[in-house]
Amino acid sequence: MKGNRSMPPEHKRNPALLIGIGISAALLGGYLGVCAWVGQADQVMPNVSVSGVDVGGLSRQQTSQQLSSAYEQASFALDLSYGTWNNTLSQTAWQLQAEESSQLAWKAGREHFLTQGALYLAHLLGKSKQVDAVLQWTEEGLSSFEQQMDEADLQVGGGLTHASYAVEGDQLMLTKGVTGTTIDREQAKTLLEQSAADALTQSLSSGTEQPVSVTLPSHQSGPRAPDFEDMHQQLYRVAENATVDPETHEVVPHVIGLDFDVNEAKALYEQAGDGETVAVPLTLTQPEETTETLEAKLFRDVLGEATSAVSGSSNRKSNVKLSASACNGIILMPGEVFSYNNTTGSRTTDKGYLPATAYVGGASVDEIGGGICQTSSTIYYAVLHSTLEIVERHAHRYAVGYVPDGMDATVYFGSLDFQFKNNTNYPIKIVTNSYDQNGKRYLSVAIYGTNEDGRYAQPERVQYDYITPTVQYQPSESVPRGTTVVDSKQTPYTGRSARTTRYIYDKNGNLLEKQDMGVSNYKMRPKTILYNPADGDPSTWVNGTPPKSVTEETTSNTTQEASSPIDVAQSKT
């Protein structure tokens, strides 16, 4: 028998439920949209303030500008106390971080995505929130903080002492520190940062400065252990010889070398009790040249000296004295070169030089600075009596007479110079002296230095090829007819050559070296006789005597020789 299959009843949908779900989904979507909008908006939520400054609804940039302007108008300070110590930190100890403060204001209410929409609506309805401005210590503020903490700890005390050390003779004295009570600086810094923010809020809210009192926290503090590596770096010294400063020529004191065993110092320190002092042995190294030994050596020996007689006019003597004064006291460091021209400079009237006889093109003429070659020659003569190195020297055109042939040195500014080098290991000093004795003027030169091994020098010269002065006639209408006059200004000179040799001896007189200092060739200058051109050609005169005129027949022929001091001291060529 066939049965009938029964069908289940058709499920009926609830319209109200479907409507409710749709509305909820729409509301949720709308709320999520609000949350997303709030998260993307640049404005600070309504009723948000930063340290009392209302920034609600402002953009982050506007907030930053508003806070900067408010901070410039604010005025606050912190009154600090620690036991009996009191002091103040002013607003200048901090600076406002406007952009960071603006960001904190914007984040207010935006901590979580799903709640920021509701919080935004709540702020629209009157909910408020305040955040503190971000303040940062200035470099000046941190420095002031540390100084005040040191001052407070020192005044109030607390028994804390840190490790210390001192060098006493050949020992390093290490003193271990002692535990005590001090300001907790990290906690104090955090406390002051928060107090500064509170003080700023009070100032901006009330418009007046209201100092905030802060009691600094303390804690038990152990002493700082010494930094042994840094201590070693600070104390370690390499022995250094005393030297002479090349600029000031003052003695730079010697340095005693100092060293110690760092591991030994650590071990002794660790074994010491609180406040106990231990001695760490030092290694001291004496330098080879101490301050005392160097000072005793400086300029103790005369390396070379010379004296020359100064003749001629008063102008010439003045020029010699002036140029010698320019060289007096000159100090040359080892390796330095003395230049006569650089030392005296150009010889001009504004320096006090006067016109005196000099040689120009072989003729004697008056020139500014005439005579200064006697100074250069006398210095050269002194150098020849030493072992110092000659760098540049030129002989005069004519033999000078005030120093031996071959031992003179002519100079001309801009072309001819006299130079020598300090080839010793110590400074040398030139000392000149222009003086009068027994009615005569003299110039002395001494070169002082340090003669380490006792060597000395002796110069000698050999003269040869003498040329006797010839005679030459020159017409001059100033000479009376029938007479002749010897030109006293153009003094005749005998020509000759001289080879100079410097002999170097050890302290016992044994010859060590012969130095060829070169050949000096001095020209001959003829005797010049002046005559009246009306007397005719001197070659036609009988017996070298000019003919007498009719009116002078009763007058004896005469040859006049005018005399004046002979200036042989200066050559400019």
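Quick note: the coordinates plus some simple rules give every number you see, no bench work behind them. Computed from a predicted structure; not experimentally measured. Neighbour counts are summed over all protein chains in view; Cβ atoms, including those assigned to glycine, are modelled from backbone coordinates with ideal geometry.
Taking amide H atoms as placed 1.01 Å from N in the peptide plane, the amide H of Leu530 lies under 5 Å from those of Gln474, Val485, Val486, Asp487, each 5 or more residues away in sequence or on another chain.
Charge dipole of the chain (Cα centre as origin; +1 on each Lys and Arg Cβ, -1 on each Asp and Glu Cβ, all else neutral): 2080 debye, rounded to the nearest 20.
Given their separation in residues at 0.36 nm each and the Cα-Cα distance between them, Thr277 and Gln155 gain 41.5 nm when the chain is fully extended. From largest to smallest, the equivalent ellipsoid semi-axes obtained for the chain from the alpha-carbon gyration tensor read 104, 39, 26 Å. Placing pseudo-labels 7 Å out from each Cα toward the beta carbon at Gln474 and Gln147 gives an inter-label distance of 8.3 nm. The distance linking region 13-81 with region 394-435 is 95 Å (Cα centroid to Cα centroid, whole angstrom). Across region 401-415, coupling constants 3J(HN,Hα) worked out from phi with the 6.51/-1.76/1.60 Karplus curve, θ = phi - 60°, read x, 7, 9, x, 3, x, 10, 9, 8, 7, 9, 8, 4, x, 9 Hz, and Gly and Pro carry x.
Descending by average beta-carbon neighbour count within 10 Å, the peptides 282-289, 160-167 line up as 160-167, 282-289, the highest first. With the cut-off at under 17 Å, measuring from each backbone N in region 372-401 to a point 7 Å along the Cα-to-Cβ line of Thr494 picks out 398-401.
With the highest mean first, a sort of the peptides 475-485, 236-246, 50-60 on other beta-carbon atoms found within 10 angstrom per residue produces 50-60, 475-485, 236-246.
Under 5 Å between amide hydrogens, built in the peptide plane, is the criterion, and for Ala409 it picks out Ser377 among residues at least 5 positions away or on other chains.
Of the DSSP H helices in the chain, those that are both long (alpha-carbon extent of 15 Å or more along the helix axis) and hydrophobic (Kyte-Doolittle mean at least -0.5) are 15-40, 113-124, 373-384. Packing around the peptides 532-538, 133-139, 509-515, 194-200, taken as the average count of other Cβ atoms within 10 Å per residue, puts them in this order, highest first: 194-200, 133-139, 532-538, 509-515. Here each label is just a point 7 Å from Cα along the line to Cβ, and for Thr181 and Thr348 those points are 7.9 nm apart. Rounded to the nearest Hz, the phi-derived 3J(HN,Hα) couplings of region 426-432 under the Karplus curve 6.51 cos²θ - 1.76 cosθ + 1.60 (θ = phi - 60°) are 9, x, 10, 9, 8, 10, 10, where x marks glycine and proline.
How high is the relative contact order of the chain? Use alpha-carbon pairs under 8 Å, at least six apart in sequence, and give a whole percent.
Working: 1193 pairs, mean separation 61.8, N = 573.
Dividing the mean separation by the residue count of the chain yields 11 percent.
Among the listed pairs Lys297/Lys429; Lys321/Lys429; Lys321/Lys527; Lys317/Lys523; Lys321/Lys489; Lys317/Lys527, a Cα-Cα separation exceeding 21 Å is found for Lys321/Lys527; Lys317/Lys523; Lys321/Lys489; Lys317/Lys527. Measuring between their Cα centroids, region 356-387 and region 465-482 lie 26 Å from each other. In plain terms, the chain from Arg481 to Val167 could stretch by 103.3 nm, reckoned as 0.36 nm per residue minus the Cα-Cα distance.
Charge dipole of region 165-302 (Cα centre as origin; +1 on each Lys and Arg Cβ, -1 on each Asp and Glu Cβ, all else neutral): 580 debye, rounded to the nearest 20. Ordering Tyr120, Val50, Leu89 by Cα displacement along the dipole of region 27-155 toward the positive end leaves Tyr120 in first place; charges were set at the Cβ atoms of Lys, Arg (+1) and Asp, Glu (-1). Can you list the residues of region 143-178 with backbone N under 18 Å from a point 7 Å past the Cα of Lys189, pointing along Cα to Cβ? Counting backbone N atoms under 18 Å from the label point, the list is 143-153. Ordering Asn263, Leu284, Phe299 by Cα displacement along the dipole of region 259-304 toward the positive end leaves Phe299 in first place; charges were set at the Cβ atoms of Lys, Arg (+1) and Asp, Glu (-1). Under the convention that each Lys and Arg Cβ holds +1 and each Asp and Glu Cβ holds -1, the size of the dipole of region 27-155 around its Cα centre is about 1000 debye. Only helical runs count toward this figure. For the chain, summing -39,500 (n - 2.57) over DSSP H runs of n ≥ 4 and dividing by all residues gives -9000 deg cm²/dmol at 222 nm.
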